[in-house]
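K.L.:
The structure that follows is given in the form of structure tokens.
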Amino acid sequence: MAILATMTTLTATIYLPALLWLVIHFAEGVLSATGYWTLIVAIAVLVAITIGAAQSPFWSVLHRVRRSGLTSLVARARTAVELPSTSHVGMPSLRGLSSRIGQAEWIPSKLFYVPLAVQWMWLSLRHGSLSLPTLANPLIEVGGLWGESKKVYLDMVSGEEHRWLARYVTLTRGESDRVGDSRRAVELSREAGLTFPLVAKPDVGWQGYGVRPIASEPELRAYVDAFPESATLMLQEMIAWEGEAGIFYVRQPGEEKGKVISVTLRYFPHVVGDGVRTVHDLILADQRASWKAGLHLGLQEGHGGVSAETLGHIPETGEIVRLSFIGSIRVGSLYRDADEYITPELTARFDAISRSMPEFHYGRYDVRFASVERLREGKDFRIIEINGAGSEPISAWDPEMMLWQVYARLLRQQRLLFEIGARNRARGWKPAGLLAVLRAARRQTRLIGRYPPSS
């Protein structure tokens, strides 16, 4: 309550008067010369930014105010001690690289995707179909734009290529039979040879919502018990390797071979100990961790946050403390463009996997791997997830990228998506209707709000 009171007070005394002053003086000065339609656009932008800030407030600032008073606002978040030479096992060290927040990450999502929406409309008019991208992978529900099943992708991998998948089973929750479903989940995991710890996740998901590590049978039963009825969950082998990457693959219809066009390394959210401060204080002191402090401290729905025991722990100097199991941008994971690791061996491996999947032309593989050296050779990795037309080249979220580079990459990928769809339409495939796309998006959105918190 103290935090909410502080937020309300700051909003009333600082933000609203400043916003009012800006609107009035901006309208009287510049807007009178450019036309008052510009005022409408400016107000819409301010409203979008305000809504975004309300949905994801600056929790780190509020906590500093609560602890040290308003004078703490003048103190910028400091960066934790320098990373050791080996930070995330199997991954290139982050030593010397900034963990700042990228330009694109500051923009509220509703505002950020406006240029992409504009191009989507233009491409739709040019190609004569709003839903043409659903033909990027015509055998997947709406091409994988929204609401598709993780299991369907994984089941499509056939023959010898199936060995590159992390083992998995799925279970659809019944109606009201929680005890039976919990017992069946335990039996299924045993039959599949899965041992604890394992990973529990929704079959239809997004940005890691509902994904948790499960260490024991009681934890598994509790997860199944909290999972929404009639929805499907997946139990997956826990891959012990810390290396994680997104590998983007494209194959034009009619081409014999496809190619890997992007590799992005994903570093889990973390802080580095200094031997003095608690994990709680290290979160507030680190620029990137404090950006998502509300999630790490368990103050926002949909994510469990760091345990109270860990928050009170004082890590040794140089000790890395992981703040989240999931590696989504939603929880502040650090993404690094790694196209330099694309090799003929890596491309050949993922081309073989993709061609074992019927009519798979466009998507991103999320993988865990032992080391970047072995990944370059196309070895020692496991696929934990496959994404279709709705996936992004996540290298765009590398904070080192300038905003124009981010948009150039995303807009180029969107044009490619429409091009593949047009080629498949010429082969006789028909795009899904717009209503089918909207239904899939609505189902995904509704399910996400009902899943157990991620961790």
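K.L.:
Inside segment 415-438, can you point out the residues that are closer than 15 Å to residue 146 by Cβ, assigned to a helix (DSSP H, G or I) and touching a residue at least 12 places away in the same chain (Cβ under 8 Å)? Break it down stepwise before answering.
P.N.:
Here is the first cut: in segment 415-438, the residues closer than 15 Å to residue 146 by Cβ are 417, 431-438.
Still in the list and also assigned to a helix (DSSP H, G or I): 417, 434-438.
Result: 417, 434, 436, 437.
K.L.:
Continuing with this model, one more query. Restricting to segment 138-159, count the residues that are among the acidic types (Asp, Glu) and either at pLDDT 95 or above or more than 18 Å from the chain's Cα centre (by Cα) (or both).
P.N.:
2
K.L.:
Something else now. Quick one: count up the residues across segment 370-403 that are assigned to a helix (DSSP H, G or I), more than 20 Å from the chain's Cα centre (by Cα) and either over 12 Å from residue 244 (Cβ atoms) or of a type in the set (Val, Ile, Thr) (or both).
P.N.:
Going residue by residue through segment 370-403, those that are assigned to a helix (DSSP H, G or I) are 372-376, 394-397, 403.
Then drop every residue that is not more than 20 Å from the chain's Cα centre (by Cα), which leaves 372-376.
Pick out the ones that are also either over 12 Å from residue 244 (Cβ atoms) or of a type in the set (Val, Ile, Thr) (or both) and you get 372-374, 376.
Summing the residues that are assigned to a helix (DSSP H, G or I), more than 20 Å from the chain's Cα centre (by Cα) and either over 12 Å from residue 244 (Cβ atoms) or of a type in the set (Val, Ile, Thr) (or both) in segment 370-403 gives 4.
K.L.:
Would you mind finding the one in 253, 228 that is out of contact with any strand residue (DSSP E or B) (no Cβ under 8 Å at 6 or more places or on another chain) and either within 30 Å of residue 429 (Cα to Cα) or part of a helix (DSSP H, G or I) (or both)? Quick ask: steps written out before the conclusion?
P.N.:
Working: 228 fails: either within 30 Å of residue 429 (Cα to Cα) or part of a helix (DSSP H, G or I) (or both).
Within the list 253, 228, the selection yields 253.
K.L.:
What number of residues within segment 354-408 satisfy the criterion of being polar (S, T, N, Q), surrounded by 18 or more Cβ atoms within 10 Å (Cβ to Cβ) and in contact with a helix residue (DSSP H, G or I) (Cβ under 6 Å, 6 or more places away or on another chain)?
P.N.:
Counting residues in segment 354-408 that are polar (S, T, N, Q), surrounded by 18 or more Cβ atoms within 10 Å (Cβ to Cβ) and in contact with a helix residue (DSSP H, G or I) (Cβ under 6 Å, 6 or more places away or on another chain) gives 0.
K.L.:
Would you say residue 402 is among the hydrophobic types (A, V, I, L, M, F, W, C), more than 15 Å from residue 132 (Cα to Cα) and at pLDDT below 95?
P.N.:
yes
K.L.:
Here is a follow-up. Checking residue 135 against (1) under 18 Å from residue 425 (Cβ atoms); (2) of a type in the set (A, V, I, L, M, F, W, C); (3) within 19 Å of the chain's Cα centre (by Cα), which test does it fail?
P.N.:
With (1) under 18 Å from residue 425 (Cβ atoms); (2) of a type in the set (A, V, I, L, M, F, W, C); (3) within 19 Å of the chain's Cα centre (by Cα) applied to residue 135, the lone miss is (3).
K.L.:
Out of all the residues in segment 312-348, which are within 26 Å of residue 207 (Cα to Cα) and assigned to a helix (DSSP H, G or I)?
P.N.:
Residues of segment 312-348 that are within 26 Å of residue 207 (Cα to Cα), as a first pass: 320-342, 346-347.
329, 330, 331, 339, 340, 341, 346, 347, listed by residue number.
K.L.:
Regarding residue 266, is this residue under 30 Å from residue 164 (Cβ atoms) and assigned to a helix (DSSP H, G or I)?
P.N.:
no
K.L.:
Okay, moving on. Only one of 454, 391 is in contact with a His (Cβ under 9 Å, 6 or more places away or on another chain) and outside the structural domain of residue 230 (by TED's automatic domain parsing). Can you tell me which? Talk me through it step by step, then tell me what you get.
P.N.:
On the way: 391 fails: in contact with a His (Cβ under 9 Å, 6 or more places away or on another chain).
That would be 454, the only listed residue that is in contact with a His (Cβ under 9 Å, 6 or more places away or on another chain) and outside the structural domain of residue 230 (by TED's automatic domain parsing).
The values are calculated or read from the model by the stated rules, or taken from the named source; none is laboratory data. A quick note: this is a predicted structure, and the numbers were derived from the prediction, not measured. Note: ideal-geometry Cβ built from the backbone for every residue, glycine included; neighbour counts use all protein chains shown.
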